[in-house]
Amino acid sequence: MNENELEIEEPEKSGSVLDDDSNHGDQTVEPKLGMRFENADELFEFYNNYAYKTGFSVKKRTCKKENGVLVHVSYTCSKEGKNIKASNTPLNLPPTQRTGCKAKISARLCAYDKWMISVVFLQHNHLNSPSKARHLRGHKRINTAIKKRVLLNDKAGIRMCKTYGALAVEGGGYENLPYDEKTLRNMIAREKVLELGEGDATTLLDHFTDMQNKDPNFFYRLDIDGESRLKNVFWADNRCREAYKEFGEVVTFDTTYFTNKYDIPFASFVKVNHHGQSILLGCGLLSNEEKETFSWLFKAWIDCMNEVAPGGIITDQAGAMKISIEIVLKDTKHRWCLWRIMKKIPEKLRRYDNCVRIKSRMKKAVYDSQFLAEFEERWSEMLEKYESLKQNKWLRKLYREKDRCIPCFVKTTFWAGMSTTQ
C-alpha cells in the first residue's frame, strides 16, 4: 500500500481508547499502518492502552512542528536507549534498566487534519509482563472520583491501607487497579496544604507579626498556593541568624519530628557550637515532603541567612531532599545521617540466614576502614562471602552513594565532629 492510497482511505477504527475511569479496556488492538486518529493525544492513549495490555510502558520520543503546528510524533518503549554506567561494579547498577528496545510507532498529520500511523515496529528485545503493567509509571492513573474519595478518606483519618483495600475489593482485586498504594500516598502529598485548625493560620501570622515588631531581625516566610491556602511556613529569630554567622560551617536538617495534634512535618536546621551544644538555626512546618517543598524551604532559609550557604549539610536518605539540595545548595557538601543508615541493617538484611554475621562484617567495613582501598576490599570480601547480597537493592544504593555516608569517603570535608542528624 502506497502513501496516496493511505491518504484516501476511510479512517480506520483504532479500537477502545483509554478514558479517565477505565481500567484500560478489555480488548487488545494492535497498532497497524494506516490507522487514523482525531488528534495526537488520542493516538497516544491508544498506544498506551496497547502497551498496558501487552506489559510495557510508553514514552514520547520525538515531535516535529512546522509553522508552529505539530505534524509528526514518535512514541517508543520506555526501555528505548542505553544506560550510561559509571563502573562495572555489580553494586553500581543504574536505577532503570534500558535495553535499547526498538519498539515504536510514528504518526504524521495528513489530510483532513487526521493523524495517521506511518511507522510500526512491535517487537521488543525484553520480556513484557501484562500482569505487572500497573506498576509501571506510565500506567498509574487515578481518575477524578477516586482522587476525591481518597482525599476525603485521608481527611477523615481513614488509614491508606484500608482505603486501598476497599478500592481493590470494588475493582475485583489489586491486579485490576491502575495504581498502587504508593501512588495514592504521593497524590495525597501533592494535594495537601498545611491543614491547621480553624483560626490557627491567622493566629500564626499574628504571632509572627508581633515577633517582628519586637525584633526587626525576626524572619518569616509563608508559602501560599493559588487558592490562597497556607502550604508551608519558615521562621528564624535574631539569635538563630547571629548563631549561623559564628557556627554555620555545617548544619543538620531533620524532618522526623511531628506535632502531636496535626501530624505536620516539623523541619529544623541545627548546628553545634564550640562546646558541642546544639543550636537552632531555623524552623519550618511543611505540608508534604516532596522536592518542590524542600526547595522552597531551603531557599527561604538561605534568604534568611543573607544568601550564605553552609559548607556541609547532613540529612537522611530522602531522595527529594537530595534533589533539592543539589538545586538550591549547589556548592554545599551533602552527607547522609550514618546512624539512620546503620539502624536499618536488621530490617533490610533480616531475610538472610547469616544476618548477624553480615551485620558484623558491614559495620567493620564502614566504621573501621581508614582508607578507600581498605573499605573496597572489605566490602568486596563481604559480597564474595555472601553472594546473595549482590542482588540487594538497598546495598546497591548504599554503595552507589558511598561518598555521602561512609566515613573514609567523607573525611576530607569538615563536619564539626557530626555524622548524624540527631
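The values are calculated or read from the model by the stated rules, or taken from the named source; none is laboratory data. As the structure is a computational prediction, the values presented were derived from the model and not from experiment. Because the Cβ atoms are built from the backbone with ideal geometry, glycine has one as well, and the counts that use them run over all protein chains shown. Calculation scope for accessible area: heavy atoms of the full protein, side chains included, ligands and nucleic acids excluded. Shrake-Rupley method; radii C 1.70, N 1.55, O 1.52, S 1.80 Å.
Numbers for the structure displayed
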read-out	value
Residue in region 96-118 that is open to solvent by 40 Å² or more (accessible area, probe 1.4 Å), closer than 30 Å to residue 173 by Cβ, modelled with pLDDT of 85 or more and in contact with a helix residue (DSSP H, G or I) (Cβ under 9 Å, 6 or more places away or on another chain) present	no
Residue in region 140-158 that is β-branched (Val, Ile, Thr), part of a loop (DSSP other than H, G, I, E, B) and at pLDDT 80 or above present	yes
Total residues in region 192-205, condition open to solvent by 40 Å² or more (accessible area, probe 1.4 Å) and either at pLDDT 85 or above or among the β-branched types (Val, Ile, Thr) (or both)	2
Meets criteria (in a strand (DSSP E or B), touching a residue at least 12 places away in the same chain (Cβ under 8 Å) and closer than 23 Å to residue 397 by Cβ) for residue 279	no
Criterion violated by residue 131 - all others in (1) surrounded by fewer than 14 Cβ atoms within 10 Å (Cβ to Cβ); (2) closer than 30 Å to residue 35 by Cα; (3) over 27 Å from the mean Cα position of the chain (by Cα); (4) not β-branched (Val, Ile, Thr) satisfied	(3)
Answer from 3, 30 - the residue that is closer than 18 Å to residue 120 by Cβ, at pLDDT 85 or above and surrounded by fewer than 12 Cβ atoms within 10 Å (Cβ to Cβ)	30
Residues located in region 260-299, provided they are of a type in the set (Val, Ile, Thr), at pLDDT below 80 and either open to solvent by 80 Å² or more (accessible area, probe 1.4 Å) or within 22 Å of the chain's Cα centre (by Cα) (or both)	264
Residues that are farther than 22 Å from residue 393 by Cβ and surrounded by 15 or more Cβ atoms within 10 Å (Cβ to Cβ), drawn from region 319-363	324, 325, 328, 329, 332, 333
Residues (surrounded by fewer than 16 Cβ atoms within 10 Å (Cβ to Cβ) and free of Cβ contacts under 8 Å to residues at least 40 places away in the same chain) located in region 63-82	63, 64, 65, 66, 67, 68, 70, 71, 81, 82
Residue in region 321-334 that is small (Gly, Ala, Ser) and either within 27 Å of the chain's Cα centre (by Cα) or not in a helix (DSSP H, G or I) (or both) present	yes
Candidate set from region 159-171 (those that are open to solvent by less than 60 Å² (accessible area, probe 1.4 Å), at pLDDT 85 or above and not hydrophobic (A, V, I, L, M, F, W, C)); member that is farthest from residue 188 (Cα to Cα)	165
